[in-house]
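This report concerns only the one structure given below.
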Amino acid sequence: MTVKISNRIDSLENLKEKANEFKRQLDDSVVISICSGTGCMAYSSDVIYCGLQKEIEKSSSKTAKKIILKRTGCHGYCERGPIVVIYPQEICYLGVREKDIPEIVEKTIKGEIVESLLYKDEEGNPIVKETDIPFYKFQKRIILSNNSKIDPQSIDDYIRIGGYQSLAKATSQMSPEEVLQEVKKANLRGRGGGGFPAGVKWETTKNAPGEPKYVIVNADEGDPGAYMDRSILEGNPHSILEGLVIGAFAIGSNKGFVYVRQEYPQAVKNIKKAIGQAKEYGFLGKNILNSGFDFDVEIHRGAGAFVSGESSALTAAIEGNVGEPRLKYIRTAVSGLWGRPTNLNNVETWANVPLIIKNGADWFKSIGTKNSSGTKIFSLVGKVNNTGLVEVPMGITIRDIIYKIGGGIKGNKEFKAVQTGGPSGGVIPEQLLDLPVDFDELTKAGSMMGSGGMIVMDESDCMVNVAHYFLKFSADESCGKCVPCREGLRQMIYIYERIMEGKGREEDLILLADLSLLLKEASLCALGTTAPNIVLTTLKYFKEEYEAHIYYNICPAKVCVPLISYVIDENKCAGCGICVKACPVDAIRGESKKPHIIDSEICIKCGSCIEVCPEKYSAIEKKTGLVLEKAKQKKETEGGVDLSK
Amino acid sequence: MSNKKENLNKIKFNIIIDGQKVEINEGDTVLQAAKKNGIHIPTLCYHEKIKPHGACRLCLVEIEKNSRSKIVASCAYPVEDGIIVHTESQKVEQIRKNLVELYLALFPFNPEIKRLAKKYKLSGTRFKKENNYCILCGLCVRYCREVKKNNAIGFVGRGINKKVTFIPDSAYFKYCENCMECVDICPTGVFPSNYGMERFPQISD
Amino acid sequence: MKNNKRDIDIYKQKIKKSGFRITETRMVILDILLKSPDKLNAEELFFLSHKKYPKIGMATIYRTLRLLEKEGLVTKVGFENNKAKYKIKESPEINPKKNDFKLVPGNLDKNTGKINIKDKSISNINYAPGIGYASAFESFKDMERISAIQNQLAGWLGDLNKIKREKELALEDVIKDFGKVDKIVIYHENQRSNLIQILLDVQNEYRWLPKHVLLYISNRLDIPLSNIYDITTFYKYFNLEPQGRHSIIVCMGTACHIRGAMNLLQRIVNTLKIKPGDTTSDYNFTLNTVNCLGCCALGPVMMVDNKYFSNPSTGMLKKILKQFY
């Protein structure tokens, strides 16, 4: 005997009816959607939400207009958060603060616009619509655009924008084989970094002998500086679930896992809620949409290991063992979880599936390049004016992303390099900025697209320091099983530390090259084989910086602490003494109203003094190349040139 | 050495190792195939009684398949029909040379490492020496886990901070049966001095 | 020991008289120790013996040292670089006995890992809690078992002295803890493969993983303790030490790094006087670093409990931290 659940949806027609019903509920109303992604939350967008709520309640007696307030996921323009968008006009307010609340509510009721919160272009002209703002205009937001329209904790919202209709179409009008062929035709490649064609992987899993088959969502986004998957998990979890069920239907799997990292508590919460709601509506569980297909999904939380995102490590973690990569030469698609065929894909890959089924493979292929179809979400961060999440069609040049969308380098400094692919990727210098973004082009240049991190660096970033940072990250996250990765990274870090202290030797560059080759060829897993990419690319494109560190003990970007000193310009210093108080180690001395001096022996170079020195004086600066006695002697015996800046 | 009758029932593959044509049972690894035919591939973390681990990376060989070549760990790679194996190609030698140099910085006293060092004419190492000596091959852990089934030794930590230790470090639990076979199996001969000999859990603790 | 030839001969005679079986290997090692003015560690013994007796391997050295120590001929004298040093025991009490490992009072059943209690009258029980006692937590009417647990607790408390700073650990607390943990295990369907999820829930409950809880889980799910320790030390999220009341997290993501996260961390370290991973002595703050908080536009970011702060200077830091007392 089946108990009819009141919310359960049985067919595509039923679903479309519900969608229209929800759309109608929004007629004659204005929707205020406020971004509650983590970036905006850090700017207290939750406080603004509560304030808006109160203000709307207060004003509800004064107007007949229906105002609906929604908390949405990440809108992407994180530099200018918190962001509020008014629908249906798509009016976009940036940098909203608590004090703006009464004006927003008042003007929205009247149907007017708060000019001061609008985006202004270079000439000062205001831009009203979200999609006209340059940051958004040059993107192609097929996945992210929905974030601003729905409340991620409401399945009704997702249905309203057409959610789950692809699933209904697949289960009622297509066979599993047809679904698979469609995805294969669309040439959807894995968005987690591997770029392997998802359709081919699905096919291998489907054809591999063994039951039951499993499907996994890899939401273990471990790249530092990348938060694309997080914004999809927090902002539109149902899209991932829908893609997962479609994939399971195509492959013939009845059980799925979502592996989320524990460091994303909001994402865990939202996906958990989404699964509960999907079950209630009949999109998960038994006899989905009356198709006879059963599917269930379980959440598995990660616990703080980047290496667990690797596919063999992830399957080990789900099985209850330590999340270390395993030595196996049989693909996970053939033998994965508990030895059964398992298909593992990244969050963004799954999120693309419903769109492919809805609009067709040809539509998907029309976006992007010949070998890489569709879009890719990047987290554009670092020294750009517009930091945030950008979704662009494959084939756009890096220059366009940084300058057209990113708005150029912050503070009008000089561009130096852009780091892509996280710890597995490398740097791309200025001369390669016109490379199109696509899986194969970036790999040819020595870097890789990876999961989508894009960190822009300017002249004040030291490439040696950046390489050291990534090596330390890889060493910290390495599982430590195989000798080349563990010991090789350890030795490389020793060499870098020597170079950064001014004790580098000429042979260090050869040692680094040898070690990089060793790691690339002999490591057990992809963490080890890709960790040297940063070393190889920085050596290739920025050799002069290494040479400056080694031969002249200068850090051109003035970053490496042992090679710089903080110096007070006695012509500019007014002796105000503010820096003396700020210094945590009492390294600054001087009489009142007379120029002060920083004792370089005590100075720990924390930067507190530069921050507090009043702008009118700007008397403290960083210098490099001022060598200590010992280093001078060393160079004299080795015959190097002593350059002081 | 498997029973001759068993051999007859297994599927056979034909492969070439170092120019030598050999016939191998399906399911054997490349290392086993080499051993059975008298070809020596250096190993440190391999033991017949336990599953391959892949930590030492000394057993890497070059496999040519369908005109593409790749570097694999022979202790775990299952033989396939028609592959060509090079245990000492130029690439493999280069890798092994750098690996041995890395090992020399860790623990130079293992006979296999010494032999390889002589072969590649390495008198010292350019790398900074570590006083750790444990190469984390995991033989002690795996042996205690899979053969003795006591689980008295385990890994702790991750990456550079990974160590081998008796679990738990106080002797409340009597996992260890004091067979001391872990001492014999350690390739660097250092276990358990880096842990401290007296840490063998005592029943009388 | 004066180490002159006469004393050495006397010593050797004593050994022979006692009936202690002297093999060649044992004699070589004793010989080296007798002749050496310093104390030696195992490796040094190996090198010294290797030249003349290349067949003596490291393993043999260890075995022999162990044996000689048991027999009272050799004694350990301290550590250097984590390696034990040995020397000849001045007045050897040579009592060669067979190493007879009898588990008192019960017997270790290898198959189940449980100890079968033979003699119930023994109150001084030296062995593992949990093993054989899993059922003890189900009913506390059995006074003998309670007294056994109390004795064991006395041993545990020595290890758990850090908890004592926060609160006194009493038997009732331990039992309550086990009740809570049991609920979590049952929620995860008693499945071994859910170990990581169980540990995450326990950690969210207590904010750290107390040792007795780990021992309980090991017994309850029949997972060897080595696996549990492997997992808890592998993942960064798990804490095996009690944490402070407030947690300070500094983002070390790439975007924050190039915006000066290292300087921020340095300022925090100077203000709190603890390193990342440590807790202040008053157990108020724990400092940790994390790889990306996802607020790259605010970088460098410091998070205290759930509040975010963007690049506070030293003065601001002191003000902010005062709020959390």
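The values are calculated or read from the model by the stated rules, or taken from the named source; none is laboratory data. Just so you know, these numbers come straight off a predicted model, no measurement behind them. Cβ: placed from backbone, ideal geometry, glycine included. Neighbour counts: every protein chain shown. Surface accessibility is based on the protein's heavy atoms, side chains included, excluding ligands, DNA and RNA. Shrake-Rupley method; radii C 1.70, N 1.55, O 1.52, S 1.80 Å.
Under the combined filter of DSSP loop state and at most 15 neighbouring Cβ atoms within 10 Å, region A:437-503 retains these GluC sites (Glu not before Pro): A:459, A:501. Each residue was assigned an accessible area with a 1.4 Å probe, and for residue B:181 the value is about 60 Å². Net charge of the neighbourhood of residue A:269, taken over other residues with C-beta under 12 Å away and scored Lys/Arg +1, Asp/Glu -1, is +2. Based on C-alpha pairs under 8 angstrom that are at least 6 apart in sequence, region A:375-458 has a relative contact order of 37 percent. Here the 3J(HN,Hα) profile of region A:128-140, calculated from phi with Karplus coefficients 6.51, -1.76 and 1.60 at θ = phi - 60°, is 8, 7, 4, 6, 8, 5, x, 4, 8, 4, 8, 8, 10 Hz, Gly and Pro shown as x. Close amide-amide hydrogen proximity is noted between residue C:86 and C:40, C:41, C:77, each under 5 Å apart and 5 or more residues distant or on a separate chain (H modeled in the peptide plane; Pro and chain starts excluded). Projecting the Cα atoms of C:212, C:227, C:188 onto the dipole axis of region C:188-234, where Lys and Arg carry +1 and Asp and Glu carry -1 at the beta carbon, places C:212 farthest toward the positive end. The mean number of partner chain beta-carbon atoms within 10 angstrom of a residue's beta-carbon across peptide C:300-306 is 1.
Highest-first packing order for the peptide set A:20-32, C:201-213, A:607-619 is C:201-213, A:607-619, A:20-32, based on the mean count of other beta carbon atoms within 10 Å. Take every Cα pair under 8 Å whose residues are at least 6 apart in sequence, average their separation, divide by the length of region A:103-252, and the relative contact order is 25 percent. Mean residue ellipticity at 222 nm, helices only, the protein assembly as shown: -11000 deg cm²/dmol; runs of at least 4 DSSP H residues each add -39,500 (n - 2.57), and the sum is divided by the number of residues.
Of the cross-linked pairs A:376/B:97; A:328/B:119; B:10/B:121, which ones have a Cα-Cα span greater than 32 Å in the structure shown? The answer is A:376/B:97; B:10/B:121. Applying 1/(1 + (r/R0)^6) with r as the Cβ-Cβ distance of residue C:47 and residue B:121 and R0 = 22 angstrom yields a FRET efficiency of 0.35. How much accessible area per residue does region A:77-129 have, in Å², with a 1.4 Å probe? Per-residue accessible area for region A:77-129 comes out at 47 Å².
Antiparallel beta bridges, as assigned by DSSP with both residues in chain A, represent about 55 percent of the total such bridges. Dipole size of the protein assembly as shown about its Cα centre, with +1 on Lys/Arg Cβ and -1 on Asp/Glu Cβ: approximately 3420 debye, rounded to the nearest 20. Exactly which chymotrypsin sites (Phe, Trp or Tyr not before Pro) in region A:298-363 are in a DSSP loop and have at most 16 other Cβ atoms within 10 Å? Passing both the DSSP loop test and the Cβ count: A:329. Please report the antiparallel percentage of the DSSP beta bridges confined to the protein assembly as shown, to the nearest 5. Close to 65 percent.
Neighbouring Cβ atoms from other chains, within 10 Å of the Cβ of residues in A:555-563, number 1 on average. Contact order, relative form, for chain A: 11 percent (alpha carbon pairs under 8 Å, 6 or more residues apart, mean separation divided by residue count). Inter-part distance, region B:116-162 to region A:494-570, computed on C-alpha centroids, equals 28 Å. The residues neighbouring residue C:53, those whose beta-carbon lies less than 14 Å from its own, together hold a net charge of +2 under the Lys/Arg +1, Asp/Glu -1 convention. For residue A:297, the amide hydrogen comes within under 5 Å of the amide hydrogens of A:256, counting only partners 5 or more places away or on other chains and with H modelled in the peptide plane.
Which GluC sites (Glu not before Pro) does region C:29-93 hold that lie in a coil by DSSP with at most 14 other beta carbons within 10 Å? Provide the component values of the computation, followed by the final result.
Numbers: sites: C:43, C:44, C:69, C:71, C:80, C:90, C:93; in loops: C:71, C:90, C:93.
Answer by residue number: C:90, C:93.
Think of chain A as having a plus end and a minus end, set by charges on the Cβ of Lys, Arg, Asp and Glu; of A:421, A:470, A:302, A:302 sits farthest toward the positive end of this dipole.
By per-residue mean of other Cβ atoms within 10 Å, what is the highest-first order of A:119-130, B:136-147?
Ranked from most to least packed, the peptides come out as B:136-147, A:119-130.
Amide H contacts under 5 Å for residue A:452: A:421, restricted to partners 5 or more places along the chain or on a different chain, H placed in the peptide plane at 1.01 Å from N. Remark: region A:375-458 carries a charge dipole of roughly 260 debye about the Cα centre, counting +1 on each Lys and Arg Cβ and -1 on each Asp and Glu Cβ.
Here is what passes the span test in chain A: the DSSP H helices with alpha carbon length of 18 Å or more along the helix axis and a Kyte-Doolittle mean of -1.0 or above are A:45-60, A:237-251, A:265-280, A:347-359, A:463-477, A:483-500, A:507-522. Largest accessible area first, the listed residues A:300, B:53 line up as B:53, A:300 when surface is computed with a 1.4 Å probe on the assembled protein chains. Taking θ as phi - 60° and the Karplus parameters 6.51, -1.76 and 1.60, the scalar couplings of region A:430-446 work out to 4, 5, 9, 5, 8, 5, x, 7, 6, 4, 7, 4, 5, 5, 4, 7, x Hz in sequence order, x denoting glycine and proline. Its Cα centre serving as origin, chain A has a Cβ charge dipole (Lys and Arg +1, Asp and Glu -1) of approximately 1000 debye. When the C-alpha to C-alpha distance is required to be over 29 Å, the pairs from A:107/A:137; A:520/C:55; A:18/A:365; A:273/B:162; A:149/A:269; A:99/A:616 that qualify are A:520/C:55; A:18/A:365; A:273/B:162; A:99/A:616.
Structure note, pairs A:383/A:543; A:404/C:307; A:58/A:110: Cα-Cα distances above 24 angstrom occur for A:404/C:307.
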